[in-house]
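Reading through the structure tokens given below for one structure.
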Amino acid sequence: MNDLERLDEIRDICRGDVRRLARILSEVESSPTDATRSLLKALFPMTDGSWVTGITGSPGSGKSTLVEALARHYRSAGEKVGIVAVDPTSPFTGGALLGDRVRMQNLFTDPGVFIRSMATRGRLGGLSSAVDDALVVLGAGGFKRLMVETVGVGQDEVDVVRTAEVVLVLLVPGMGDEIQSIKAGIMEIGDIFVINKADRPEAMKTERELRAVLSLAARDDGWDPPIVQTVATRDQGIEEVAEAVETYRRFTSRETASRRRVFLYRQKVLEMIRDRVAERVVNDLGSKELDRWARQMANREVDPYTLVDRIFERSGSRP
């Protein structure tokens, strides 16, 4: 691709060209080339001002419904909204099983909303490794209000804290979330807790138990996570959720709270290094060689620690 074509590509993305955005996101998710990475480098400075909200919680908590309601709220204020919905990976195609065709259908006709489903591709933390790159593309495309809806894998779903600048944890009364809320992993990543389907009679009980758990330990940054009750299907409590997000955004603009953003980008760099090293090693080995060594390990002919040492020695470096 020559410089003129690259400029056209960047120009199309910055004006929010839907076809161009979809094509670049497909490249990002499949197998990024050097040209794709070069494009991402050019786009990254244009993402200033974008804000990423992560929405996580157990399956059935109403994450998609809340995302749709929040998107409508932001659109009513004239903001462009980019949504990345992370779905389970198909074991046959490697793609997203649910897909955005069955999600948030009321938003598809709005040109100010861009929705993309992405597969986890085996990542246990609930996020695809391409999500960060997708957010760069969408942020440069003028979608400054960004939302990431995670797959809903329960206790392992903590990777969103390395991607989002504010994390919403959804709980549902009467579905065992009172117990789930006590688990440290989910509790620690939540900046705002949302009790959805709050028209159920157990809602106040869930809120009391949640407040009791939150009171056991103060956060290092001094933030006191609020609890908001919503009925997302009726847009109840959505304005309060959006207000809580803005309050946290103002809070993190303070110098004393900037450690969160430093941590976030530090984790992104480490993740990129791990992915790049793994990609390079696999490419150097080749699929057949990797399968041969995997068989040796399965037959207990070699241990995994020695095997990894050999791989790094072969690549000319040490782990």
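The values are calculated or read from the model by the stated rules, or taken from the named source; none is laboratory data. The structure presented is a predicted model; accordingly, all values stated were derived computationally and were not measured. Cβ coordinates were reconstructed from backbone atoms using ideal geometry, including for glycine residues, and neighbour counts include every protein chain displayed.
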*Within the stretch 277-290, count every residue that is surrounded by 12 or more Cβ atoms within 10 Å (Cβ to Cβ) and either more than 19 Å from D309 (Cβ to Cβ) or not assigned by TED's automatic domain parsing to the domain that holds V302 (or both).*
1
*asked:* Being of a type in the set (V, I, T) and in contact with a strand residue (DSSP E or B) (Cβ under 9 Å, 6 or more places away or on another chain) is true for just one of V262, V241, V302, V281. Which residue is that?
replied: V241
*Of the numbered conditions (1) under 26 Å from the mean Cα position of the chain (by Cα); (2) surrounded by 13 or more Cβ atoms within 10 Å (Cβ to Cβ); (3) of a type in the set (A, V, I, L, M, F, W, C); (4) not in a helix (DSSP H, G or I), V245 fails exactly one; give the number of that condition.*
(4)
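Is the stretch 83-101 home to any residue that is at pLDDT 90 or above, assigned to a helix (DSSP H, G or I) and either touching a strand residue (DSSP E or B) at 6+ places or on another chain (Cβ under 9 Å) or not charged (D, E, K, R) (or both)? Walk me through it before giving the result.
First, pick out the residues of the stretch 83-101 that are at pLDDT 90 or above: 83-84.
Keeping just the survivors that are assigned to a helix (DSSP H, G or I) gives none.
No; the residues of the stretch 83-101 include none that is at pLDDT 90 or above, assigned to a helix (DSSP H, G or I) and either touching a strand residue (DSSP E or B) at 6+ places or on another chain (Cβ under 9 Å) or not charged (D, E, K, R) (or both).
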*Please work out which one of (1) closer than 22 Å to R261 by Cβ; (2) in contact with a strand residue (DSSP E or B) (Cβ under 9 Å, 6 or more places away or on another chain) is the condition S61 fails and give its number.*
(1)
*Quick check: anything in the stretch 11-27 in a helix (DSSP H, G or I) and under 28 Å from V194 (Cα atoms)?*
no
*Taking R75 as meeting all but one of (1) outside the structural domain of M187 (by TED's automatic domain parsing); (2) modelled with pLDDT of 90 or more; (3) surrounded by fewer than 20 Cβ atoms within 10 Å (Cβ to Cβ); (4) in contact with a helix residue (DSSP H, G or I) (Cβ under 9 Å, 6 or more places away or on another chain), write down the number of the exception.*
(1)
*Just a yes or no: is a residue in the stretch 256-271 assigned to a helix (DSSP H, G or I), loosely packed, with under 11 Cβ neighbours inside 10 Å and modelled with pLDDT under 80?*
yes
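Does E157 satisfy being modelled with pLDDT under 70, buried (at least 23 other Cβ atoms within 10 Å of the Cβ) and not hydroxyl-bearing (S, T, Y)? So that I can check it myself, show each step before the final result.
Numbers: modelled with pLDDT under 70: yes; buried (at least 23 other Cβ atoms within 10 Å of the Cβ): yes; not hydroxyl-bearing (S, T, Y): yes.
Considered against the rule, which asks whether it is modelled with pLDDT under 70, buried (at least 23 other Cβ atoms within 10 Å of the Cβ) and not hydroxyl-bearing (S, T, Y), E157 comes out as yes.
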*asked:* Pull out all pairs, ordered by first then second residue, where Cβ-Cβ is under 7 Å, the residues are six or more apart or on different chains, the first lies in the stretch 265-279 and is touching a residue at least 12 places away in the same chain (Cβ under 8 Å), and the second is charged (D, E, K, R) and surrounded by 13 or more Cβ atoms within 10 Å (Cβ to Cβ).
replied: Q267/R162; K268/D132; K268/R162; E271/R162
*Does the stretch 188-224 hold any residues that are part of a loop (DSSP other than H, G, I, E, B) and either in contact with a Leu (Cβ under 6 Å, 6 or more places away or on another chain) or of a type in the set (A, V, I, L, M) (or both), and which are they?*
N196, A198, L216, A217, A218
*Conditions (1) of a type outside the set (S, T, N, Q); (2) over 22 Å from D12 (Cβ atoms); (3) at pLDDT below 85; number of the one not met by V148*: (3)
